[in-house]
Amino acid sequence: MTATSESTHEAPQAFLPDFCAARTLFVIVLVAELVAIVLTLAAHEAGAQFLVELSKTSFFVLWLALLGSAVMCLLRNTLERAGKTRAFVISFFVLELLSLVLAEVSWQLVRFFGSSTIIDDTHSTFLLRTFAISSIVIALAMRYLYVSSEWRRSIVLEAQSRISALQALIRPHFLFNSMNTIASLTRSNPPQAEEAVEDLSDLLRATMSSPKDRSSLKQEFEIAAIYQRIEKLRLGERLDVRWDIGELPMRARIPNLTIQPLLENAIYHGIELLPDGGQVLVSGKHDGKYLEIYMTNPVAQGKKRGKTGNNMALANIRQRFQLAYGNRGSVDVDNSDNHYKVTLRFPMEEAAT
Amino acid sequence: MKVLIVDDEEPARERLRQILQDEDDYEVVGEAGNGHDALLLAAKHEPDIVLLDIRMPGLDGIETAQHLNELEHTPAVVFTTAYDEYAVDAFEARAVGYVLKPVRRARLAAALAQASRLAGTTLRQVAADANLETQRRHVCASVGGSLKLIPIDEIWCFLADQKYVRAEHKNGHDLVDDSLKSLADEFPDRFVRIHRSALIAVDKIESIEKTTDGKSRVVLRDSSHVDDKELIISRRHVAEVRRRLKES
């Protein structure tokens, strides 16, 4: 079972503005009026005729803007459900259609009332001009909304990932167990206790001081190895980790604190619950453009750790991958009967030396 | 006082041993790395107190404690845990003895001095409060002085005689110490009562058939050694049994 689409952080956030709100309407009217002025300025000299032309153009543009807003307001729920890209495409075509319909209706009305001076154009050129102008303006507006919603989203994501980076620090469970191990070693094996204290300090330093958000694969694997040494003291023979990573470029960049939390998960949810322990396999491959890292651990059958699955670390890594790579990176989980496998995929970037 | 140490991690056992060595009143009679060994050693050495880690692979601490109750010489239990907000709250609430790791000398001495036997119901409540597995995954049978653990999912049915409850399972049958009522309460999803003195595992029921004299009888999957007479469904349980069978 692959849980690729499982979205852990996507808060329901609007990417289109609320077209039903008075504030948005005000801005839309304002923008529409500006567009009308630009159009009139481009086509006519300033003078007595200018205001007449402006009012005609404004009349048309405002109608279009208000009708467009009304339609968007009605479609709002459907669009939010449709997903971002589709919503933008749909809105574009709906608004485009609306502008053509409105142009046609105006043309027919003008002809019906017989005053040909209002629109000094042939039928087809009028429709064509309306179509061209509205396409450009609507496309620009859509692009603007898209960019600003992406921008808002990345701010939210960044804030979230900062907070959860704090939460995803080393599990207390691990910390206290390690302390207990050290307390015991202090008497029975002082040199080993010393080493354990040094390792634990290195690990805590790495997790506490991480203002930079990327590190190299080499550093990531080093931190994970320190973590492994500490857990090995506690679990002894039961813990075996195979690092099959010789092929990976050690200078490649990766969001920091990615590997160690995954190893921690593998041990906490996997190895620790198996009476005879097992092997965590870390492997990877790269094709020059993308890197893939896999971490696989056996799991005890029918046994869960408590009832609340702790997936905070995984959610946190997902979030930071999303922030760092967008659609170019992914964190997939393959949870089969007796194995748990995490696959990280991200673009290859070399660290500056 | 005789103490048995149970923890899957060697350094954790060592730590407890170190502290207890310095105490005059306590003698460590054994150490076990898992729940199964703990039960064997407890039957053999009859400790007064068992120091029991909660998080262990296989039989966890809570289930081990429940099985310790089946022993003739029931020991008192003190749990050890590194970090378990919920468990600690639950222990506090029900006055169950525990120590936190890293283990403090004074705290351990205090917990040992106050250690008491724990009733099965208390343990189940604690497990529920602590968000842990409340159902045992084995029942315990005492066979010739030693304990035998029978996995719940290998049991076809529990049948009560006047005095004993018999578990019919994959590898034969054994007498267990639990009462039929407590088993029914503990495993409501797994077993269904077919008459006053029989609980049947729902997933082991093949079908329900009519006997020649018009009664309903349970047909079990691949079990020949349960007497047909014991599988007659009493009239007041028929509807319930049918409903459960349909649901599963």
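The values are calculated or read from the model by the stated rules, or taken from the named source; none is laboratory data. In this text, all values refer to a predicted model and were calculated from it rather than measured experimentally. Virtual Cβ from ideal backbone geometry, glycine too; neighbours counted across all protein chains shown.
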When you go through B:Leu108, B:Leu51 one by one, which is the residue that is within 14 Å of chain A (Cβ to nearest Cβ), assigned to a strand (DSSP E or B) and farther than 30 Å from B:His195 by Cβ?
B:Leu51
Looking at B:Ala184, is it within 15 Å of the chain's Cα centre (by Cα), of a type outside the set (Asp, Glu) and part of a helix (DSSP H, G or I)?
yes
Quick count over the range B:200-216, residues being in contact with a helix residue (DSSP H, G or I) (Cβ under 9 Å, 6 or more places away or on another chain), part of a loop (DSSP other than H, G, I, E, B) and not hydroxyl-bearing (Ser, Thr, Tyr), is 1
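Residue-by-condition table, conditions (1) more than 22 Å from the chain's Cα centre (by Cα); (2) assigned by TED's automatic domain parsing to the domain that holds A:Phe126; (3) charged (D, E, K, R):
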| residue | (1), (2), (3) |
| --- | --- |
| A:Phe50 | yes, yes, no |
| A:Thr57 | yes, yes, no |
| A:Ala65 | yes, yes, no |
| A:Val71 | yes, yes, no |
| A:Glu80 | no, yes, yes |
| A:Gly83 | no, yes, no |
| A:Ala87 | no, yes, no |
Go through B:Ala127, B:Ala110, B:Ala160, B:Ala167 for me and flag whichever is within 30 Å of B:Asp25 (Cα to Cα) and of a type outside the set (Phe, Trp, Tyr).
B:Ala110
Going through (1) under 22 Å from B:Pro57 (Cα atoms); (2) part of a helix (DSSP H, G or I); (3) more than 10 Å from chain B (Cβ to nearest Cβ); (4) among the acidic types (Asp, Glu) one by one, A:Asp240 fails only at (2)
Would you confirm whether or not the range B:190-199 contains a residue that is buried (at least 16 other Cβ atoms within 10 Å of the Cβ), in contact (Cβ under 8 Å) with a residue 12 or more places away in the chain, assigned to a helix (DSSP H, G or I) and not assigned by TED's automatic domain parsing to the domain that holds B:Gln125?
no
Go through (1) under 13 Å from the mean Cα position of the chain (by Cα); (2) over 28 Å from B:Thr81 (Cβ atoms) and name the single condition B:Ala127 misses.
(2)
For the range A:263-284, what are the residues that are part of a strand (DSSP E or B) and over 17 Å from A:Glu237 (Cα atoms)?
A:Val282, A:Ser283, A:Gly284
Applying the selection to the range A:169-203, what residues are within 7 Å of another protein chain (Cβ to nearest Cβ) and of a type in the set (A, V, I, L, M, F, W, C)?
A:Phe176, A:Met179, A:Ala183, A:Leu185
Selection status of B:Val78, within 12 Å of chain A (Cβ to nearest Cβ) and either outside any helix (DSSP H, G or I) or over 19 Å from the mean Cα position of the chain (by Cα) (or both):
no
Take A:Thr296 and tell me if it is closer than 30 Å to B:Asn131 by Cα, assigned by TED's automatic domain parsing to the domain that holds A:Phe221 and at pLDDT 95 or above.
yes
Some residue of the range B:20-28 being surrounded by 23 or more Cβ atoms within 10 Å (Cβ to Cβ) and in the same structural domain as B:Leu112 (by TED's automatic domain parsing):
no
From (1) assigned to a strand (DSSP E or B); (2) crowded, with 20+ Cβ neighbours inside 10 Å, pick out the condition that doesn't hold for A:Tyr227.
(1)
Contact list, first residue from the range B:3-20 and facing another protein chain (nearest Cβ under 7 Å), second anywhere and in a strand (DSSP E or B) and buried (at least 24 other Cβ atoms within 10 Å of the Cβ), beta-carbon distance below 8 Å, six or more apart or interchain, is B:Glu9/B:Asp53; B:Ala12/B:Asp53; B:Ala12/B:Thr80
Among the candidates B:Asn69, B:Asn34, single out the residue that is closer than 21 Å to B:Leu175 by Cα and either surrounded by fewer than 21 Cβ atoms within 10 Å (Cβ to Cβ) or among the hydrophobic types (A, V, I, L, M, F, W, C) (or both).
B:Asn69
Has the range B:83-100 got at least one residue that is at pLDDT 85 or above, facing another protein chain (nearest Cβ under 10 Å), on the phi < 0 side of the Ramachandran plot and in contact with a strand residue (DSSP E or B) (Cβ under 9 Å, 6 or more places away or on another chain)?
yes
Segments classed as strands (runs of 3 or more DSSP E), wholly inside the range B:111-171, with at least 2 members that are in contact with a Ser or Thr (Cβ under 9 Å, 6 or more places away or on another chain):
B:155-160, B:165-169
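Results for (1) more than 14 Å from chain B (Cβ to nearest Cβ); (2) modelled with pLDDT of 95 or more; (3) surrounded by 15 or more Cβ atoms within 10 Å (Cβ to Cβ), shown as yes or no for each residue.
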position: A:Thr207; (1), (2), (3): yes, no, yes
position: A:Leu217; (1), (2), (3): yes, no, yes
position: A:Ile223; (1), (2), (3): yes, no, yes
position: A:Leu235; (1), (2), (3): no, no, yes
position: A:Arg253; (1), (2), (3): yes, no, yes
position: A:Leu257; (1), (2), (3): yes, no, yes
position: A:Glu272; (1), (2), (3): no, no, yes
position: A:Asp276; (1), (2), (3): no, no, no
position: A:Val282; (1), (2), (3): yes, yes, yes
Within the range A:127-175, the residues that are surrounded by 16 or more Cβ atoms within 10 Å (Cβ to Cβ), among the small types (Gly, Ala, Ser) and either part of a helix (DSSP H, G or I) or at pLDDT 80 or above (or both) are A:Ser134, A:Ala141, A:Ser149, A:Ser161, A:Ser164, A:Ala165
Of (1) within 14 Å of chain B (Cβ to nearest Cβ); (2) in a strand (DSSP E or B), A:Thr296 satisfies all except one. Which?
(1)
